[in-house]
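The values are calculated or read from the model by the stated rules, or taken from the named source; none is laboratory data. Keep in mind that this is a model prediction, so the values were computed, not measured. So basically every Cβ, Gly included, is an ideal-geometry build from the backbone, and we count neighbours across all protein chains shown. Accessible surface is based on the protein model in full, side chains and every heavy atom, while ligands, DNA and RNA are left aside. Shrake-Rupley method; radii C 1.70, N 1.55, O 1.52, S 1.80 Å.
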Amino acid sequence: EASQDEVMLRLFSDGIDGHAYMGANIEGKEWQWVSGEQDKDPEAKRIRNLGKFANLSLQYRIGVDTIRVRALTQYGLNLGAAKAKHIKDTYVRTYLGVPEYWKSAIRKAGQEGFAETFGHRRIVLSDINKYDHQQTAINFPIQGTGGDMKTLAIACLRPEFNDDVMYAWDLHDALFLYVRDDDRALDTVKRIRQKLNDLPYELAWGWKPSIPLPWDAKLGKTWGSLKSID
């Protein structure tokens with residue numbers, strides 16, 4: 001959304017598995033095969049995991065050395081320098097709008113003296129020539145907006161909290177709720193998901209997303225039994 005990258009927006013709007021798409025680009029495979037076979041074929045699963053690592057890590061302008069460290073410590077991927085460079089080159093070649101966003105975010109923060117989320121939270125950046133300030137200028141509008149979205153979601157769900165629905169906790173980009181275990185549970189979760197799918201971004205922030213921002217929902221009696229609902 002921040003970069004307005006055409007490929008990234010198309011993946012989201014068309015419901016294409018972006019991690020399968022990126023992994024396939026990295027390894028020279030068809031993304032449809034990776035997406036369709038990831039639960040059955042170990043190689044397809046490996047390729048999608050590689051794409052997931054690339055999508056979630058490289059959007060924040062990291063170098064080859066950091067790519068290798070993050071791949072090993074967070075994803076269990078042991079990458080050589082040449083492979084790490086190939087992954088980075090593939091990422092920036094696929095999403096041409098993202099490097100342009102890096103430049104514009106740094107330039108904007110340098111002019112204004114701060115970085116800002118879509119929800120209008122700001123962080124002061126006193127010296128944009130410092131590398132860490134540049135990284136914050138890139139990261140904060142993205143990661144900070146994710147936090148804004150979660151806060152807005154909790155606020156909009158407050159009327160749902162009662163004897164049948166209890167807020168449990170939030171973690172990263174997810175909300176966890178306790179729902180009374182009765183014949184209304186599924187309908188309750190579907191109603192909550194619909195409310196999350198219609199969060200009032202324009203009313204709250206004066207910002208209208210250019211693509212839908214749907215939420216996934218799972219229901220289950222234990223952590224291990226959680227299953228996605230239609």
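Points to keep in mind about this one:
- Label-zone membership for the range 180-215, site D164, 7 angstrom Cα→C-beta point, backbone N under 19 Å: 180-197
- In a reduced charge model with +1 at each Lys and Arg Cβ and -1 at each Asp and Glu Cβ, the chain shows a dipole moment near 620 debye about its Cα centre.
- Residue-wise HN-Hα coupling along the range 213-220, computed from phi with Karplus coefficients 6.51, -1.76, 1.60 (Hz; x: Gly, Pro): 10, x, 9, 8, 9, 10, 9, x
- Dipole magnitude of the range 101-172, debye to nearest 20 (Cβ charges: Lys/Arg +1, Asp/Glu -1, about Cα centre): 480 debye
- When the charge dipole of the range 62-200 is built from unit charges on Cβ atoms (+1 for Lys and Arg, -1 for Asp and Glu) and taken about the Cα centre, the candidate among L79, F118, L157 whose Cα reaches farthest toward its positive end is L79.
- Protein heavy-atom accessible surface, 1.4 Å probe, per residue over the range 144-227: 68 Å².
- The calculated pair-distance distribution of the chain uses every alpha carbon pair, bins of 5 angstrom beginning at 0, and gives 1, 6, 11, 14, 16, 16, 15, 11, 6, 3, 1, 0 percent.
- Ratio of Rg to Rh for the range 30-153: 1.04 [Cα atoms; Kirkwood radius as inverse mean 1/r over pairs].
- Debye equation applied to the C-alpha atoms of the range 111-174, log10 I(q)/I(0) at 0.24 Å⁻¹: -0.96
- Per-peptide average of other Cβ atoms within 10 Å, ordering 164-176, 91-103, 137-149, 117-129 highest first: 137-149, 91-103, 117-129, 164-176
- Backbone N under 18 Å from the Y60 label point (7 Å along Cα→Cβ), restricted to the range 2-31: 2-3
- You can think of it this way: the chain between D14 and I123 has 35.8 nm of extra reach, that is 0.36 nm per residue less the Cα-Cα gap.
- Accessible surface of the chain, 1.4 Å probe: 52 percent of it comes from carbon and sulfur atoms.
- For the range 4-71, the Rg and Dmax computed from alpha carbons only, in angstrom: 12.3, 34
- For E160, net neighbour charge (Lys/Arg +1, Asp/Glu -1) across residues whose Cβ lies under 13 Å away: +4
- Mean-position separation - Cα centroids, the range 1-66 and the range 158-230, in angstrom: 26 Å
- The range 18-121 - percent relative contact order, Cα under 8 Å, separation 6 or more: 21 percent
- Solvent-accessible area per residue for the range 1-125 (1.4 angstrom probe, square angstrom): 55 Å²
- The range 151-230, Cα convex hull volume normalised per residue, Å³: 104 Å³
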